[in-house]
Amino acid sequence: SLANRLARAEFRRFRPDTVFVFFRDLPLLLASEFRQTARLVIWCEEALESLDGSIVDYFAQADLVCMSNPQRFDWLRERGLDNMAFLMSGFSPRFHRAAPNQPFERDVAFIGGPGRRGQRAEFLARIGRRFDTEVFGMHWDRWRHVTGDLRIQPPVDNRRYARICATSRIVLGLNEVNDDSYYFSNRTFLTLACGAFHLTHYVPKLENVFRSGEHLVWYRDEDEAIEQIEHWLPRDEERRRIAATGHAEVMQHHQYFHRVARILHWLAVGLPKDELG
C-alpha cells in the first residue's frame with residue numbers, strides 16, 4: 001500500500017502523457033487508475049508459456065501491448081484483445097557496449113540462469129565436458145547434481161557482461177522457449193551489442209532477423225551445437241568478422257531507441273497490420 005501511494009504521488013507530480021510498463025511491474029489497480037488520464041503501454045518480453053484470464057484483464061487496461069512472442073496473439077485475440085503489436089526486445093548502448101580487445105580466458109561462456117525447469121543444466125554440463133566453459137548466473141547451485149564440475153560463477157553486471165563477451169571465443173545462447181516463431185531471449189541483442197561471437201539456438205523465423213554466418217551462428221540441437229563449437233573455435237578471424245557484422249547490425253536496427261520510436265509512432269497513427277512472415 002505504501003508503494004502504491006508513492007507511485008500515485010509520482011504520477012500526479014509528473015502528469016505523464018504516456019506510461020510505459022514492463023509486463024506486470026505496475027499493479028492492476030494502478031494501471032486502471034493511470035489509464036484514465038494517460039496512455040498506457042505494456043511491454044511484454046516474456047514467453048508467456050502459461051496464459052490465464054488475469055493476463056487478459058491486465059492487457060485490456062493498455063492502449064498498446066507490445067509483445068516479443070507473437071505466437072500468443074491468436075489466444076489473446078480469441079479473448080477479445082485487439083491492442084497488441086509484435087515488438088522484439090533490444091538493448092541500450094549506454095549499458096551494453098563492446099569492451100576493449102583483451103586475451104581470451106575461455107572457449108565458451110553462457111550468461112544466464114539454468115531455466116525455470118533446469119533445461120539448460122544438462123546441456124551446458126555436456127558442453128563443459130568437451131570445451132573450456134564457464135557459466136555466469138543465478139540459481140545454478142540447485143542443479144549441481146546435473147552440472148557436476150561445470151565452472152559456475154556469480155551473476156554479472158553490465159560491465160562484467162561486456163568483459164565476458166570480450167574474453168570468450170564463443171558466447172552461447174539458449175532460450176527459455178525455442179519453438180515459437182520470432183521469440184528469443186534479449187541475450188541475443190546484449191551479446192551482439194557487446195561485440196561477441198554468438199552461437200545461439202535457432203527459433204522459427206530467426207532468419208528474418210539475423211543471418212547465420214553473417215551476424216551470428218545458430219544451431220538446432222545439442223549435437224549441432226557441439227559440431228558448431230568445434231568448427232568455430234579455431235577460426236579466430238572468421239569469428240571476429242561475424243561478431244563485428246552482428247554488432248553493426250544491432251547498433252543500426254535494434255536499440256531500445258528504435259523500439260520506443262516505433263511505439264510512439266503507433267500511438268500517433270494506429271497499430272500496424274500483421275506483417276509477420
Rounded Å value of the spacing that divides the Cα centres of region 17-39 and region 163-220: 32 Å
Rounded to 10°, Cα long-axis angle of helix 2-14 versus longest principal axis of the chain: 70 degrees
Cα point-scatterer Debye curve for region 1-102, base-10 log of I(q)/I(0) at q = 0.15, 0.17, 0.19 Å⁻¹: -0.69, -0.83, -0.96
Label point distance in nm, Asp132-His265, each placed 7 Å from Cα along Cα→Cβ: 4.5 nm
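Under the Kirkwood approximation for Rh and a Cα-based Rg, what ratio Rg/Rh is obtained for the chain?
Here the Rg-to-Rh quotient is 1.00.
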Helix 256-269 vs. the chain, principal-axis angle (Cα, 0 to 90°, nearest 10): 30 degrees
Relative contact order [Cα under 8 Å, 6+ residues apart], region 88-210, whole percent: 32 percent
On Cα atoms only, tilt of 236-253 relative to the major axis of the chain in degrees: 10 degrees
Ranked packing of 56-67, 230-241, 151-162, most packed first, by mean Cβ within 10 Å: 56-67, 151-162, 230-241
Volume in Å³ per residue [convex hull over Cα atoms, computed for region 171-277]: 98 Å³
Counting all C-alpha pairs of region 101-199, share separated by more than 17 Å (%): 48 percent
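Readers should treat all values here as calculations from the given coordinates under stated rules, not as data from a laboratory. Everything quoted here is computed from the prediction, not taken from an experiment. Note that each Cβ is placed from the backbone with ideal geometry, even for glycine, and that neighbours are counted across all protein chains shown.
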